[in-house]
Amino acid sequence: MKKIVLSIILASSLLTACSDAYEASQPTYRSDENIVFADASQIKRGVIGLYSNFNIESEINFVSYFTDELGVGVTNGGQGVNDGSYTFNMTPAVGFVTSNWGTNMNLINRVNRMLSRVETLYKETSDANEISSLNVSKANLLAFRAYAHYRLFAYYTPDYKNGNGPSIIKFDFLQTDDYNRHEKRATVSEIVKFIENDIKEARELGFDPTDNSEISESFLDAILVKLYSMTENYSGLEEAFDRLKTKHNVGSAKENVGMFSDIESAKLGNPDIILRLERRVNQGGGVAGAWYSERVGINSRMIFMEVGRSLYNELDKLDPASTNKDISAARTDCRFGNSVLLTSIVATNYSTLSQDEYKTKDILLVGKYQGRTQAPLQNDVYAFRFTDMLLSLAEKRANEGKLTGAHVIGDFSSVESIIFNIRAARNTSTVNVPVAMPNNFSSPSQAYARILEERRVEFAFEGHRYLDMRRLGVKAGAQGFVRDPMDCASTSACRLETNSHKMIFPIPSTEIISNPNMVQNSGY
């Protein structure tokens, strides 16, 4: 029998994410799956409840603080500095290290319990509609489990390409109350195979999504593309990408801007969105709460953090005609306005200012999530976008040595042509303004550098930067996370190199303490 102690799970493993499946029918707490999930309809409600476990807001929070996306805000009260998240503090007890592990393990635990109940319900019914409903629910559950394993794999696996190396626990069994049972880390190959098998079975069962806020087959292919970009299974990556490109594209500039608005219709038909995590007013929380106290913008009582100057400078380069000009200068690449509020205060001579002057004369406001009328810090967030998949394909092209190519819409044959397609789609100009393109695609290292740069401006404040640097930093010859000297003068946390052990998460200390079979990652 498999043995495990997953200490973080034990405190909150009683299907709390599925509370809507039982609270509606009985006011008292019930944790017996036979009662909570009495039939296929209750299983379906439980699946809906699991969407709250996609805690991407916490990931965005961590990545923005820990990498080079942010600078200390004009009214910062110690956020990021006191807890070390802005000063590259990474230990087995750090908040996101433990919460990321616990959240995903809890999700898998709940999925496994529901999957067990689904198998029982299959035996109890011969009704075709019930079976069909159970099939769709099971497909969703397997997709959840694959995603959670993929996220854990991405952060805690020391070497993606060493098939025999240690990865994470393969959690494919029911949690028990025997605290003397312990599980070892599975190998990279075992985890990859397990994720692939869950995806294969989920695909065979099928889905019935009504819009892009529900899991679909595209979600499965997105997991594969990201997984294969890490393990460098490039043939598998392109196969999954080819399925995605029949259903998705990068969308227009207008659609890209609409992703971060409070207009529901602007998101529903956006071909770039693979899975949108819909956040409703009564759910509480909000991604922009990482940077603002109660509202987005200059009038917030406290502005904890601002757009980092090094990131701002990269966004500023997207429109050469407007580079190093006032914030009101016309921009043709929508990604500048997506990430930076146009009510920001920009000092074009910022590098010559004193620290006190810089603090008050160069206020770069994060604008990617501008809130809702009834929930000023809350926005929908995105698990996967097609543009992410396209830039993953660019990694394959760089590996193949296909670096330069024609600037033709729909041509994905080289790194350069892929970046051209993305920049053309983000161009807001209604006249024939040429797309500004980066130079230097002449070597694989330069091509990887261009991919990393494009990912930085495309996915700013979407939770990608940490894993992007981990995967591509060495290949691109990057210096790592590099903050502008003006943003790190007070903390001296100016740079984290790509070869730092902090580019791999430690196993949480609670897991190490409670599980004698768990081996810690190097450097911790």
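The values are calculated or read from the model by the stated rules, or taken from the named source; none is laboratory data. Quick caveat, the model's predicted, so the values are computed rather than measured. Every residue, glycine among them, receives a Cβ derived from its backbone with ideal geometry; neighbour counts consider all protein chains shown. These accessible areas exclude ligands, DNA and RNA; they are computed on the full protein's heavy atoms, side chains included. Shrake-Rupley method; radii C 1.70, N 1.55, O 1.52, S 1.80 Å.
Worth pointing out:
- The chain - percent of accessible surface contributed by carbon and sulfur, probe 1.4 Å: 50
- Net charge, Ser442 excluded, C-beta distance under 12 Å - Lys, Arg +1, Asp, Glu -1: 0
- For segment 51-61, 3J(HN,Hα) per residue [Karplus equation, 6.51 cos²θ - 1.76 cosθ + 1.60, θ = phi - 60°, Hz, x = Gly/Pro]: 4, 5, 7, 6, 8, 5, 4, 5, 5, 4, 4
- Coil-residue GluC sites (Glu not before Pro) of segment 281-361, DSSP, other Cβ within 10 Å capped at 15: Glu294
- Rolling a 1.4 Å probe across all protein chains gives Thr103 an accessible area of roughly 40 Å².
- Theoretical gain in end-to-end length, Ser351 to Thr125 [0.36 nm per residue, Cα-Cα removed]: 74.3 nm
- The chain - percent relative contact order, Cα under 8 Å, separation 6 or more: 19
- Accessible area of segment 24-126 divided out per residue, in Å², using a probe of 1.4 angstrom: 37
- Computed lengthening from Ile513 to Ala330, 0.36 nm per intervening residue step minus Cα-Cα distance: 60.3 nm
- Full-extension gain in nm, Ser189 to Ser490, via 0.36 nm per residue minus C-alpha separation: 103.9 nm
- Normalised alpha carbon radius of gyration of segment 329-423 [divisor 2.2 N^0.38 Å]: 1.51
- Per the Cα gyration tensor, the chain maps to an equivalent ellipsoid with semi-axes of 38, 26, 24 Å, ordered largest to smallest.
- Charges were assigned to the Cβ only: +1 to each Lys and Arg, -1 to each Asp and Glu. The resulting dipole of the chain about its Cα centre is roughly 560 debye.
- Positive contributions from Lys and Arg (+1) and negative ones from Asp and Glu (-1), summed over other residues with Cβ under 11 Å from the Cβ of Lys161, come out at -1.
- Ranking Val366, Val381, Ser392 by Cα position along the charge dipole of segment 353-400, where only Lys, Arg, Asp and Glu carry charges on their C-beta atoms, puts Val381 farthest toward the positive end.
- Computed on protein heavy atoms with a 1.4 Å probe, the accessible areas place Ser265, Ser116 in the order Ser265, Ser116, largest first.
- When the helices of the chain are scored as -39500 (n - 2.57) per DSSP H run of n ≥ 4 and the total is divided over every residue, the value at 222 nm lands at -13000 deg cm²/dmol.
- Each 10 Å bin, from zero up to the one with the longest distance, holds this percent of the alpha carbon pairs of segment 473-523: 22, 31, 27, 18, 2.
- Largest accessible area first, the residues Lys502, Lys200 order themselves as Lys200, Lys502 under a 1.4 Å probe with ligands, DNA and RNA left out.
- Mean separation of Cα contacts under 8 Å (6+ apart) over length of segment 226-358, as relative contact order %: 15
- Applying the Kirkwood pairwise sum to the alpha-carbon positions of segment 287-381 produces a hydrodynamic radius of 13.9 angstrom.
- Heavy atoms of Thr428 accessible to a 1.4 Å probe, total area in Å² rounded to 10: 60
- Nitroxide proxy distance, nm - points 7 Å out along Cα→Cβ at Ser99 and Asp39: 3.9
- Environment charge at Thr125 (Cβ cut-off 13 Å; Lys +1, Arg +1, Asp -1, Glu -1): -3
- Probe 1.4 Å, all protein chains present, accessible-area order of Ser514, Ser218, largest first: Ser514, Ser218
- Out-of-range pairs (alpha-carbon distance over 23 Å; input Lys170/Lys245; Lys200/Lys226; Lys193/Lys475): Lys170/Lys245; Lys193/Lys475
- Accessible area of segment 128-243 divided out per residue, in Å², using a probe of 1.4 angstrom: 37
- Near the amide H of Tyr382, within less than 5 Å, lie the amide hydrogens of Leu277, all on another chain or at least 5 residues away, with H placed in the peptide plane.
- For trypsin sites (Lys or Arg not before Pro), the sites in segment 301-385 that DSSP calls loop and that have at most 13 other Cβ atoms within 10 Å are Arg301.
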